[in-house]
1. Using a/c under 1.5 as the rounded threshold, could you call the stretch 94-242 rounded, prolate or oblate? The axes a ≥ b ≥ c are square roots of the C-alpha gyration tensor eigenvalues, and prolate needs a/b larger than b/c, oblate otherwise.
2. Going by a ≥ b ≥ c, the root eigenvalues of the Cα gyration tensor, does the stretch 183-260 fall in the rounded group (a/c under 1.5), the prolate group (a/b larger than b/c) or the oblate group?
3. Do any trypsin sites (Lys or Arg not before Pro) in the stretch 1-108 lie in a DSSP loop with no more than 11 other beta carbon atoms within 10 Å, and if so, which?
4. Does the chain classify as rounded, prolate or oblate by the C-alpha gyration tensor (a ≥ b ≥ c root eigenvalues; a/c under 1.5 gives rounded; else a/b over b/c gives prolate, otherwise oblate)?
5. Can you figure out the FRET efficiency of ALA117 with ASP295, using R₀ = 51 Å and their beta-carbon distance, to the nearest 0.05?
6. If we sort 258-265, 9-16 on the protection proxy, mean other Cβ atoms within 10 Å, highest first, what's the order?
7. Neighbour counts of other C-beta atoms within 10 Å: give me ILE96, ILE49, ILE302 arranged from fewest to most.
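Bear in mind that the values in this text are calculations on the coordinates, not laboratory data. Worth saying up front: this structure is predicted, and the values here are computed from it rather than measured. Cβ atoms come from the backbone with ideal geometry, glycine included; neighbour counts cover every protein chain shown.
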Amino acid sequence: MRAIDEYTATFGEDAGYLNWAAFGPISPAATTALHDTAALLATGRADDIGAASGNDDAARRDVAALLDADADEVTLHPSSTHALQQALAGLDGIVIASAAEFPSVTITLERAASASAGRLAPRWISPAGTRVTPEAVVAALDPAVSALVVSHVDFRSGYRADLEALREALGPERLLIVDAVQSFGVVDEDWTAADVVVGHGYKWLRAGRGSGFARFTAQARERIRPVLSGRIATAAAGLPADALPEPAPSGQAYAVSAADPLASAQLAAAAAEIRAVGVADVAAVLAERVDAVLDIADRHRIPVTSPREAARRAGIVVLAPTDPERVGAALAASGIAVTVRDGAVRVSPHAGTSADTLGMLDEALTGVVNS
Ligand SMILES: Cc1ncc(COP(=O)(O)O)c(C=O)c1O
């Protein structure tokens with residue numbers, strides 16, 4: 001069996017699940033890792049406790065490999081919002097962001113600015129269709145701009161930003177800070193265009209909650225003061241009691257306290273699983289599932305507002321029927337899980353989404369259109 005087929009065979013969620021952009025039902029590999037680690041933590045043996053905390057290194061290593069980064073540039077966090085706090089709180093200058101970004105970006109940037117005593121300020125942009133294009137960024141640039149913070153894939157429009165073009169628009173000096181929550185592990189991206197990448201494992205990676213992470217390049221570490229870092233983020237080996245050592249000379253400078261070995265075990269298992277299959281293969285099968293959803297929408301003449309071009313989309317298809325609430329209710333009544341919000345129905349399949357699930361969507365929409 002091909003690795004990709006073995007991977008898609010591990011999807012065990014209920015039929016009708018098309019809400020991966022909200023939550024990823026956790027994979028058998030992550031579940032096993034969770035149970036194994038819980039067993040280690042139950043013995044009280046020093047070796048077992050040590051082995052459980054070894055999951056942190058494994059998680060950082062596997063995430064780093066997916067980012068084409070060094071493990072010591074990667075830190076673990078309870079969520080991607082915690083990771084964004086690290087990236088934004090220590091920045092100076094003007095930071096461009098779309099006012100329509102997920103609140104992990106908007107609220108975090110606003111709060112960081114208000115705590116900065118004037119060192120940091122947001123520059124909100126409102127690009128058409130919430131698409132953060134290079135043109136929209138260039139129009140907001142001036143010498144005071146120090147960074148752009150952007151979702152790689154927008155949670156609402158499904159638009160996939162062009163990181164290479166954004167990097168070119170910003171120039172080499174300004175920081176490109178990317179929220180990769182809606183694409184990490186399922187889009188074959190060159191993450192090295194970004195200075196900071198944050199993400200989590202609880203959607204597309206199927207790792208469960210508590211699995212946030214961030215990567216900080218050397219350029220990011222030069223510009224972002226580690227103002228929120230904590231006891232494990234220093235250059236000292238061991239516990240820095242009775243001393244105030246300098247921040248660690250690595251991504252660890254943006255860590256706070258020890259990661260949860262259970263969450264790390266799940267993240268490591270999920271990231272290793274994706275690595276073993278290869279992101280390119282996962283992305284190719286996901287693209288087929290997205291095409292199938294688009295085909296179903298087109299056959300039912302339901303307008304689609306998310307991008308159709310392969311390079312500008314990931315796993316989110318946005319339907320804009322005239323009565324989204326009614327469509328959403330009909331889908332729910334047919335056992336189909338999607339997100340209905342802001343006048344649209346967000347459908348998000350994964351590579352492992354079954355033909356049965358797609359058939360259920362087709363059938364439910366037939367019912368809606370006919371009624
Ligand atoms: C783009 C984006 N960023 C961040 C988050 C929230 O992530 P976390 O719960 O890890 O803070 C979400 C959740 O839906 C999201 O869609």
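1. Values: a/c = 1.71, a/b = 1.24, b/c = 1.38.
Oblate, because a/c is 1.5 or more while a/b does not exceed b/c.
2. Numbers: a/c = 3.48, a/b = 1.60, b/c = 2.18.
The shape class here is oblate.
3. Values: sites: ARG2, ARG45, ARG60, ARG61; in loops: ARG2, ARG45.
Those satisfying the criteria are ARG2, ARG45.
4. Numbers: a/c = 2.15, a/b = 1.26, b/c = 1.71.
The shape class here is oblate.
5. Approximately 0.40, to the nearest 0.05.
6. On the way: 258-265: 23.2, 9-16: 15.0.
Going from most to least packed, we get 258-265, 9-16.
7. On the way: ILE96 23, ILE49 14, ILE302 18.
By the 10 Å Cβ count, ascending, the order reads ILE49, ILE302, ILE96.
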